[in-house]
């Protein structure tokens, strides 16, 4: 996401070329232009890096940041949605395992 967002900011295009994914219909429905959504991708990509770093270093905010970026990525259909659901599921399993619940 970070790389795609930066590319869009610099060149006006996304990796992959051609038509945008299903996520673009959601963005367009809000009145925004999905072809100029690079800043959102860059910020969300950076947020993922920060959240994962927080989680791996066991920072007190790491788990909540990881949940937040997972939820914020659900709109990015189809790949982002699938990865976000898997991510959120893994976080919940990790929490359950650490609490001794399974």
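The numbers here are math on the coordinates, done by the rules we state, and not lab data. Source: prediction; values computed, not measured. All Cβ positions, even for glycine, are placed from backbone atoms using ideal geometry, and neighbour counts span all protein chains on display.
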Gaussian network model of the chain, springs between alpha carbon atoms under 10 Å - residue of 29, 59, 51 with greatest fluctuation: 29
When a/c reaches 1.5 or more, the comparison of a/b and b/c decides; with that in mind, is segment 45-96 rounded, prolate or oblate per its Cα gyration tensor? oblate
Relative contact order (%) - criterion: Cα under 8 Å, at least six apart; region: segment 2-98: 25
Using 0.36 nm per residue of separation minus the Cα-Cα distance, give me the extension gain between residue 91 and residue 58 in nm, one decimal. 10.6 nm
With only alpha-carbon atoms in the gyration tensor, what are the semi-axes of the equivalent ellipsoid for segment 2-98, in Å, largest first? 27, 15, 10
Of 62, 16, 70, the most mobile residue in a GNM of the chain (C-alpha springs, cutoff 10 Å) is 16
Using helices alone, what [θ] at 222 nm do you get for the chain, with -39,500 (n - 2.57) per DSSP H run of 4 or more residues, divided over all residues and rounded to the nearest 500? -21000 deg cm²/dmol
From fewest to most C-beta neighbours within 10 Å, the residues 66, 24, 99 line up as 99, 24, 66
Anyone know which of 60, 34, 78 comes out most mobile in the 10 Å Cα GNM of the chain? 60
